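Quick notes on the structure that follows.
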Amino acid sequence: MPTGPEPAEGRSARRVVIDPEGPVLVEGPVEVDLPDGRTARSDRFTVALCTCRRSHRFPWCDTSHRRKERRPRPGTEADADGGTERD
């Protein structure tokens, strides 16, 4: 069941994967038109487009959307309760 127009003749459709908790993955190469008029290009086989706007490399995702979990430093009060460290 088609959900939109067919790609122009001679061009193949691009696969886009939307992750609600992360970036949009697009099969490359891609060109992204930015709001300021510039165009960002990537020749990679898959690119991750930032959707949270936290990326320092916008429009490309740099995983800034991930929450950082801080581990207690050895010898601190939080470490003294016998908690296990994750590696």
Meets criteria (part of a loop (DSSP other than H, G, I, E, B), on the phi < 0 side of the Ramachandran plot and modelled with pLDDT of 75 or more) for Glu21
yes
Please enumerate the residues belonging to the stretch 47-63 that are within 11 Å of the chain's Cα centre (by Cα) and exposed (fewer than 15 other Cβ atoms within 10 Å of the Cβ).
Cys52, Arg53, Arg54, Arg57, Asp62, Thr63
In the stretch 31-41, residues that are in a strand (DSSP E or B) and either touching a Phe, Trp or Tyr at 6+ places or on another chain (Cβ under 7 Å) or among the aliphatic types (A, V, I, L, M) (or both) total 2
So which residues in the stretch 41-68 are charged (D, E, K, R) and touching a Ser or Thr at 6+ places or on another chain (Cβ under 7 Å), if there are any at all?
Arg54, Asp62
Just the residues that are within 14 Å of Phe58 (Cα to Cα) and either exposed (fewer than 10 other Cβ atoms within 10 Å of the Cβ) or among the β-branched types (Val, Ile, Thr) (or both), please, taken from the stretch 16-29.
Val24
Thr76: passes all of (1) at pLDDT 70 or above; (2) loosely packed, with under 14 Cβ neighbours inside 10 Å but (1)
Take Ser12 and decide whether it is hydroxyl-bearing (Ser, Thr, Tyr), at pLDDT below 90 and open to solvent by less than 100 Å² (accessible area, probe 1.4 Å).
yes
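The values are calculated or read from the model by the stated rules, or taken from the named source; none is laboratory data. This one's a predicted model, so the numbers in the text were calculated from it and none came from an experiment. When we count neighbours, we look across all protein chains shown, and the Cβ atoms used for this are built from the backbone with ideal geometry, even at glycine. Just so you know, the surface numbers come from the protein's heavy atoms only, side chains and all, with ligands and any DNA or RNA stripped out. Shrake-Rupley method; radii C 1.70, N 1.55, O 1.52, S 1.80 Å.
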